[in-house]
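Some notes on the structure that comes next.
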Amino acid sequence: MKELLETIVRALVDNPDEISVNEVEGEKSLILELRVAPGDMGKVIGKQGRIAKAIRTVMKAAAVKENKRVVVEIIQ
Amino acid sequence: MSTVLEKMGRTVEEAISRALDELKVERSQVDVEVLDEGNKGIFGLIGTKTARVRVTLKETPGERVKKFLDEVFEKMNLNVQMVVEEDDKAVYVKIEGEDSGIIIGRRGETLEALQFLSCLVVNNGKGDYKKVIIDIENYRKRREDTLVKLSHKLAERVIKSKKNITLEPMSPYERRIIHSTLQNNKYVKTYSIGDEPNRKVVISLK
């Protein structure tokens, strides 16, 4: 899951080296804390959160196969 | 994989055109790095230096999309096959395989998200804007047929009941299918209400 998020985000940002994803594993859910370079925030959030929403939709689809709930948090 | 080529010439321009000839591509399809400006010298005799350039063949938008999606599907553990085609305006991706359902998602939600993200990936590095259209197991065509049938059916119902019908929220593309299907209907008209992403089509009597 973590790798998938990194793959998607890497393709979108200008500074792929500054991406970090922290996994917080719960009983039924998995929280992924995403950090990117300050200048790349817009590239992962988008107008009215459109990009963030698309990223979460794809992550949710991936979670179906693993039978988990996945939450993506973008951290400033 | 990108092809890299180094060429020499009397001038930078000459070196570039030699590289383009060899690769059989246009100037817009490569990145050029000048390694040595070269120098014509005085009277072309004293102090002449040849120019040297490194030419790198750019990835086409289609190749970039394919690389991105291949990696995403691999990380999602999905078993699908993909065919990518491209022309001046757009990149077309066709996907088939046993896991297609997961990629389509509820009412095509995941498909839209993947298409949107691929579009960002392609248009990230400036250049001309390219559309990306992803279709899975003919989903788009089937969905279009469904929407056309649905709009005719609902139009009938509006005419009979004389009451407006508001449809579920849809993407601009899907709303357009309904608008154009009922455009020439003598008895009903269509319009949209609400804000994205919850914009809905309303069918009402004329």
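Computed values, structure above
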item	result
The lone exception for residue B:107 - which of (1) at positive phi; (2) surrounded by 15 or more Cβ atoms within 10 Å (Cβ to Cβ); (3) outside the structural domain of residue B:22 (by TED's automatic domain parsing) it fails	(2)
Residue match in the stretch B:126-133 (condition: crowded, with 18+ Cβ neighbours inside 10 Å, within 27 Å of residue B:79 (Cβ to Cβ) and not assigned by TED's automatic domain parsing to the domain that holds residue B:190)	yes
Some residue of the stretch B:147-169 being within 30 Å of residue B:67 (Cα to Cα), of a type in the set (D, E, K, R) and at pLDDT 90 or above	no
Only listed residue being at pLDDT below 95, under 25 Å from residue B:172 (Cα atoms) and over 15 Å from the mean Cα position of the chain (by Cα), chosen from B:110, B:50	B:110
Sole exception among (1) at pLDDT 90 or above; (2) surrounded by 15 or more Cβ atoms within 10 Å (Cβ to Cβ); (3) farther than 26 Å from residue A:52 by Cα for residue B:62, by number	(3)
Filter result for residue B:141 (of a type in the set (Lys, Arg) and outside any strand (DSSP E or B))	yes
Residue B:151, sole failed condition from (1) under 30 Å from residue A:40 (Cβ atoms); (2) touching a residue at least 40 places away in the same chain (Cβ under 8 Å); (3) of a type in the set (Gly, Ala, Ser)	(1)
Sole residue being touching a strand residue (DSSP E or B) at 6+ places or on another chain (Cβ under 6 Å) and under 17 Å from residue A:58 (Cα atoms), chosen from B:66, B:49	B:66
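The values are calculated or read from the model by the stated rules, or taken from the named source; none is laboratory data. Fair warning: this is a prediction, and the values are worked out from it, not measured in the lab. A quick note on method: Cβ atoms are made from the backbone with ideal geometry, for glycine too, and the neighbour counts reach across all protein chains shown.
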